[in-house]
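Contents: one structure, followed by commentary.
The values are calculated or read from the model by the stated rules, or taken from the named source; none is laboratory data. On a predicted model such as this, the values are computed, not experimentally measured, just so you know. Here Cβ is always computed from backbone atoms with ideal geometry, including for glycine, and neighbour counts include all displayed protein chains. What goes into the accessible areas is simple: the full protein's heavy atoms, side chains included, and nothing from ligands, DNA or RNA. Shrake-Rupley method; radii C 1.70, N 1.55, O 1.52, S 1.80 Å.
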Amino acid sequence: RLVASGGGLVQTGESLRLSCAASGRNINTYAMGWFRQAPGKEREITAAINWSGERVYYGDSVKGRFTISRENAKNLVTLQMNDLNPEDTAVYSCAASRQLDVVTSSNGYNYWGQGTQVTVSS
């Protein structure tokens, strides 16, 4: 089970840190990803990380502002989001893939957590 937390309401330019905690499953050998979906839009990948944390991927719209990381000893993946803007408003979900390397397509993920709402006001 994946549980995402850390969402909330912030103003433009502020930061949030999302966490994805895994229970009942060791995610040390899973690639992980964060996706987001805004109302009326398709789900898009925000960031992804390989099993060891050595390789990461970012969507174009968040490069330079978001950072994905993982602490395998804690079964935890985090998404640090800086310099937020209203276009970042969405429901953010974490996902786990049985693959080891970075996975950028939602089709490559096997397990999904519930989403956490991020709202950025202007």
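Keeping all protein chains in position, work out how much accessible area TRP112 exposes to a 1.4 Å probe, and write it in Å² to the nearest 10.
That residue has around 80 Å² of solvent-accessible surface.
Taking 8 Å as the Cα distance limit and 6 or more residues as the minimum spacing, I'd like the relative contact order of the chain as a percentage. Don't jump to the answer; show the numbers that get you there.
Values: 330 pairs, mean separation 44.5, N = 122.
Once normalised by length, the contact order is 36 percent.
For the modelled label position 7 Å from the Cα of GLU87 along Cα-to-Cβ, which residues of segment 6-39 have backbone nitrogen atoms closer than 16 Å?
Correct set: 12-14, 36-39.
Would you mind checking which residues have amide H under 5 Å from ASN85's amide H? H placed 1.01 Å from N; only 5 or more apart, or other chain.
Close amide H contacts, sequence-distant or interchain: GLY13.
If I model a spin label at ASN107 and THR12 as a point 7 Å from the Cα along the Cα→Cβ vector, what separation in nanometres do I get?
For ASN107 paired with THR12, the spin-label model returns 3.8 nm.
With each pseudo-label sitting 7 Å past Cα toward Cβ, what's the GLU54-SER5 distance in nm, one decimal?
Taking the simple label geometry, GLU54 and SER5 are separated by 3.2 nm.
Between Rg and the Kirkwood Rh of segment 1-68, both from Cα atoms, what is the Rg to Rh ratio? Let's see the in-between values first.
Working: Rg = 13.1 Å, Rh = 13.5 Å.
My calculation puts Rg/Rh at 0.97.
Where does the charge balance sit around ALA31 when Lys and Arg score +1, Asp and Glu -1, over other residues with C-beta under 14 Å from its C-beta? Could the numbers behind the result be given before it?
On the way: positive: ARG25, ARG55, ARG70, ARG98; negative: GLU54, ASP101.
Result for the neighbourhood of ALA31: +2.
I'd like to know which of VAL10, THR89, THR104 lies farthest towards the positive end of the charge dipole of the chain, counting +1 on Cβ of Lys and Arg and -1 on Cβ of Asp and Glu.
THR104
So how strong a dipole does the chain carry about its Cα centre when Lys and Arg Cβ are +1 and Asp and Glu Cβ are -1, to the nearest 20 debye? Walk me through the numbers before you get to the answer.
Details: 12 positive and 10 negative charges, 83 e Å.
The dipole magnitude comes to about 400 debye.
Could you give the alpha-carbon Rg of the chain over 2.2 N^0.38 Å, rounded to two decimals?
Numbers: Rg = 13.2 Å, N = 122, 2.2 N^0.38 = 13.7 Å.
The reported ratio for this selection is 0.97.
Cα centroids of segment 76-122 and segment 22-55: how far apart, whole angstrom?
What the calculation gives is 6 Å, centre to centre.
Which whole-Hz ³J(HN,Hα) couplings does segment 30-45 yield from phi under the Karplus relation 6.51 cos²θ - 1.76 cosθ + 1.60, θ = phi - 60°, glycine and proline marked x?
10, 6, 10, x, 10, 10, 9, 9, 8, x, x, 10, 6, 5, 9, 6
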